[in-house]
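Student: Just passing along the structure, written as structure tokens.
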Amino acid sequence: MAALILQLASPVRAETPAYTEDFAASARAWLLDNPGIVLEVFTILEREETVKESKAQLDLIEKHAPALFDSTDARKGNPEGPVVVVEFFDYACGYCRAALAELTAALEGRDDIALVLKEFPILGPASEQAARLALAVRAEHGDAAYIGFHNALLAQKGALNDALLRMLTGAAGYDFEALVERGGAADIGGIITANKRLAQSLSINGTPAFVFRDELVPGMMAADRLREAFRRPGAKEP
């Protein structure tokens, strides 16, 4: 009976006995006497499902590798670093704000990490306005200015709204109205749309989300976990 159950859980199906009431009663009695085998079978099935999901995830990452790791998005750390990691984020996301300190700590002292920043505003109109403003800063003032504004947006404690965005923009020395106009341009809208489509293709539906060469991690990652991920061979350029 144990062999029969394991056969049922195996990808290679052996011929099983024909169903009869006597067989069903015998099987039920045996299972009641040996409950541990049920847990063993479910463990095997769960392990097989995990392997399938991992393989599917790797296939998706490989399929979208150019859009992930070779994109023209701004990069933190060393833009030419051999270890390329992607972060999808939303400025209104509390976990994304908390992740800023963890990422800063994990990147400290490293010159081999390129963190690709994917604007992924999914938490409402204020999120999209902030993303458009940040991308407008990049378009008009360059990557260094963008990184600074990006950090300022994530470091803020208040609710993300028009008043806060005006304040942060003015504090950075930029013309808010001009950036709003620039942020409404088709090229910036195209970046956000492309990022949302890419996230959808990868089944990313929350922020933050980190994509490595060998894994997609939804949710915030602590600095120690990030450092460990940076050391994995799969995170490096081939």
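The values are calculated or read from the model by the stated rules, or taken from the named source; none is laboratory data. Predicted model only: the values in this text are computed from it and were never measured. As a convention, Cβ positions derive from the backbone with ideal geometry for all residues, glycine included, and neighbour counts pool all protein chains shown. With ligands, DNA and RNA removed, areas are computed over all heavy atoms of the protein, side chains included. Shrake-Rupley method; radii C 1.70, N 1.55, O 1.52, S 1.80 Å.
Student: So for the pair E80, A159, with labels modelled 7 Å out along Cα→Cβ, what separation do we get in nm?
Tutor: 4.7 nm
Student: To continue, here is another question. Among G190, V137, G219, pick out the residue whose Cα is farthest towards the positive end of the charge dipole of the range 135-238, where Lys and Arg carry +1 and Asp and Glu carry -1 on C-beta, about the Cα centre.
Tutor: G219
Student: Note down the accessible area of D70, probe 1.4 Å, to the nearest 10 Å².
Tutor: 100 Å²
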